[in-house]
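Asks: One structure follows; several queries about it will come next.
The values are calculated or read from the model by the stated rules, or taken from the named source; none is laboratory data. Just so you know, these numbers come straight off a predicted model, no measurement behind them. Positions of Cβ are generated from backbone atoms using ideal geometry, with glycine treated the same way; all protein chains shown enter the neighbour counts.
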Amino acid sequence: MCAMAYKVLFTTSRGIEDIVVQELTSLGLEEARPRLFGLDGWVWGFIDEPITLARICYKARTIYRGLLILAEGEVRRSQEGLEDIYQIVKGVDWTDWLPPETTFCVRSTRSGRHQYQSPDIERISGQAVIDRIMEQTGHRQKVKLAHPDVMLRVDVTGEKCVVGIDFVGEEALHRRGYRTYDHPAAINAVLAAAMIWASGWKPEERLVDPMCGGGTIVIEAALIARKVPAGFFRKENFAFKTLPYFANLNLDDLMFEWDTCADWSVSAKLFGSDISPKHIAGAQLNAERALVADTTRWQVLDAAELPKLFPKSSVKKIVVNPPFGVRSGSVTRAKEAHRLLLQIADEVLSEDGKIVVITHHPEWLEMLTPVLDFAIERQYDVLHGDLPAKILVIGRKKGSKQSSEVKSS
Ligand SMILES: C[S@@+](CC[C@H](N)C(=O)[O-])C[C@H]1O[C@@H](n2cnc3c(N)ncnc32)[C@H](O)[C@@H]1O
């Protein structure tokens, strides 16, 4: 651990914590630990100085939020828990973060069973901040509910309470700022990026999404290949920008400096197709807005036709979000789309190729994988919106017909 260490907490989608640890470690997070205290969707670690947290929040693709932790503690689930929260928040010395003329507000997320709600936590915590500062300095800190200078978070999960400075703000980081066309069942960009990490894709390999909708997966892959920070298109939308703690820094200049890691000349073999012309037109718009139209190809195509475009074994990764058939569309058609995916994967994937699928119906793929000599190599239990889903990483079984054909040819 570094000499002057700050503890930080990142929130993410439940189930992808291990992927988040890999990404954040590559961005300089130290001692990254997933699911500490058994808490899903939380990744902890240490950084050397607060500005490092701003940089990580600006660059990371697999997180929703980053908090600088100022206090933690145990809270009761009964009404008395609010008194516990008050004491934990009041125990923090806020003066470094909240100089006199600055405004603040408290946001809270709560999960588990408690005899109080998030608005109660926000109210009692706000009062604790005001009381503490009043006792210390004699002035009353101003609350501003919309666009405050400083956004505090007091999150309660089970009996654990965490108090920190939110570096991200109202809009979590899955809102990338490049989506012009909103597909009705678009995948959240954080999950899309996690699927690409899970596939082990390298930018020189061909990646295909044959049911691409508005193109999120392919666009995320293009931005990963070009090392573009996830915050690139939402520069104005970070809570760390208004923190008085950074008043002496020019954050616009810093963000431009962080952008220099991007290499816009990288050209990757990325292909997205969908049966719907409307969605493909939307994907193209999104790709233009994300400045990756020059490295992505889009086509209206029934996925069944994919092998006509890509010869046998020519694709390394298929990363795809097929229809779930839950809220719209028919279950029969969704089931058929799952079957089709494995069939085309069998035709176009290379011997060491992988197909990564996010699905609400893993059983449809589990049934078919052995028949087609595929095996599920890894799975992640996630939430897609509020639906339980799995990300499955599927590869060919060792010694399968395809791999022995390739070896003997
Ligand atoms: C869940 S959506 C994908 C959303 C996308 N990941 C996004 O972020 O916008 C599934 C897509 O599969 C497409 N689809 C369904 N059956 C197909 C088929 N046989 N061939 C190609 N696309 C198909 C639908 O048109 C729909 O856009």
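Asks: Would you confirm, using the coordinates I've provided, whether Ser273 is farther than 16 Å from Asp209 by Cβ, out of contact with any Asp or Glu (no Cβ under 6 Å at 6 or more places or on another chain) and polar (S, T, N, Q)?
Replies: No: the conditions fail for Ser273.
Asks: May I ask you to say which residue of Arg132, Arg140, Arg153 is of a type outside the set (Gly, Ala, Ser), more than 23 Å from the chain's Cα centre (by Cα) and not in a loop (DSSP other than H, G, I, E, B)?
Replies: Working: Arg140 fails: not in a loop (DSSP other than H, G, I, E, B); Arg153 fails: more than 23 Å from the chain's Cα centre (by Cα).
So the residue among Arg132, Arg140, Arg153 that is of a type outside the set (Gly, Ala, Ser), more than 23 Å from the chain's Cα centre (by Cα) and not in a loop (DSSP other than H, G, I, E, B) is Arg132.
Asks: Of all residues in the stretch 255-267 being in contact (Cβ under 8 Å) with a residue 40 or more places away in the chain and out of contact with any Phe, Trp or Tyr (no Cβ under 9 Å at 6 or more places or on another chain), which is nearest to the ligand (Cβ to nearest atom)?
Replies: Among those residues, the one meeting the criterion is Val266.
Asks: Let me ask something additional. Out of Leu285, Leu372, Leu368, Leu387, report the one residue that is modelled with pLDDT under 95 and closer than 30 Å to Phe232 by Cβ.
Replies: Answer to the check: Leu387.
Asks: Moving to a separate point now. What are the residues in the stretch 272-316 that are within 10 Å of the ligand (Cβ to nearest atom), part of a helix (DSSP H, G or I), surrounded by 19 or more Cβ atoms within 10 Å (Cβ to Cβ) and not β-branched (Val, Ile, Thr), if any?
Replies: Correct list: His279, Gly282, Ala283, Asn286, Ala303, Leu306.
Asks: Checking Ile344 against (1) within 27 Å of Lys397 (Cα to Cα); (2) more than 10 Å from the ligand (Cβ to nearest atom): exactly one of these is not met. Which one?
Replies: Ile344 satisfies all of (1) within 27 Å of Lys397 (Cα to Cα); (2) more than 10 Å from the ligand (Cβ to nearest atom) except (2).
Asks: Let me ask something else about it. Do we find a residue being within 13 Å of the ligand (Cβ to nearest atom) and either assigned to a loop (DSSP other than H, G, I, E, B) or within 26 Å of Leu383 (Cα to Cα) (or both) anywhere in the stretch 196-204?
Replies: yes
Asks: On to the next question. Looking only at the stretch 205-218, filter to residues that are hydrophobic (A, V, I, L, M, F, W, C) and assigned to a helix (DSSP H, G or I); which one of those is nearest to the ligand (Cβ to nearest atom)? Walk me through how you get there before you give the answer.
Replies: Taking the stretch 205-218 first, the residues hydrophobic (A, V, I, L, M, F, W, C) are 207-208, 211-212, 217-218.
Narrowing further to those that are assigned to a helix (DSSP H, G or I): 217-218.
Details: Ile217: 6, Val218: 9 Å.
Filtering the stretch 205-218 for residues that are hydrophobic (A, V, I, L, M, F, W, C) and assigned to a helix (DSSP H, G or I), the one nearest to the ligand (Cβ to nearest atom) comes out as Ile217.
Asks: Scanning for something among the charged types (D, E, K, R), within 16 Å of the ligand (Cβ to nearest atom) and not assigned by TED's automatic domain parsing to the domain that holds Glu377, does the stretch 155-167 turn up at least one residue? Don't jump to the end; show me each part of the working.
Replies: As a first pass, look at the stretch 155-167 and keep what is among the charged types (D, E, K, R): 155, 159-160, 166.
Now drop any that are not within 16 Å of the ligand (Cβ to nearest atom), which leaves none.
Scanning the stretch 155-167, I find no residue that is among the charged types (D, E, K, R), within 16 Å of the ligand (Cβ to nearest atom) and not assigned by TED's automatic domain parsing to the domain that holds Glu377, so the answer is no.
Asks: Also: Here is a check on your reading of the model: is Leu349 surrounded by 14 or more Cβ atoms within 10 Å (Cβ to Cβ), more than 11 Å from the ligand (Cβ to nearest atom), in contact (Cβ under 8 Å) with a residue 12 or more places away in the chain and more than 27 Å from Trp197 (Cβ to Cβ)?
Replies: no
Asks: Within the stretch 214-271, can you find the residues that are among the charged types (D, E, K, R) and buried (at least 24 other Cβ atoms within 10 Å of the Cβ)?
Replies: Across the stretch 214-271, the qualifying residue is only Glu220.
Asks: Let me ask another. Show the residue pairs that are 6+ apart or on different chains and have beta-carbon atoms under 6 Å apart, the first residue being within the stretch 83-99 and over 14 Å from Val154 (Cα atoms), the second being part of a loop (DSSP other than H, G, I, E, B).
Replies: Sorted first by the residue in the stretch 83-99, then by its partner, the pairs are Leu98/Gln141.
Asks: For the stretch 171-188, check the following and say yes or no: at least one residue is among the aliphatic types (A, V, I, L, M), surrounded by fewer than 24 Cβ atoms within 10 Å (Cβ to Cβ) and touching a Pro at 6+ places or on another chain (Cβ under 9 Å).
Replies: Within the stretch 171-188 (the criterion being among the aliphatic types (A, V, I, L, M), surrounded by fewer than 24 Cβ atoms within 10 Å (Cβ to Cβ) and touching a Pro at 6+ places or on another chain (Cβ under 9 Å)), the answer is yes, since at least one residue qualifies.
Asks: A follow-up question, please. Please go through the stretch 219-254 and pick out each residue that is under 26 Å from Ala186 (Cβ atoms), in a helix (DSSP H, G or I) and aliphatic (A, V, I, L, M).
Replies: As a first pass, look at the stretch 219-254 and keep what is under 26 Å from Ala186 (Cβ atoms): 219-239.
Filter again for in a helix (DSSP H, G or I), leaving 219-225, 232-234, 239.
Correct list: Ile219, Ala221, Ala222, Leu223, Ile224, Ala225, Ala239.
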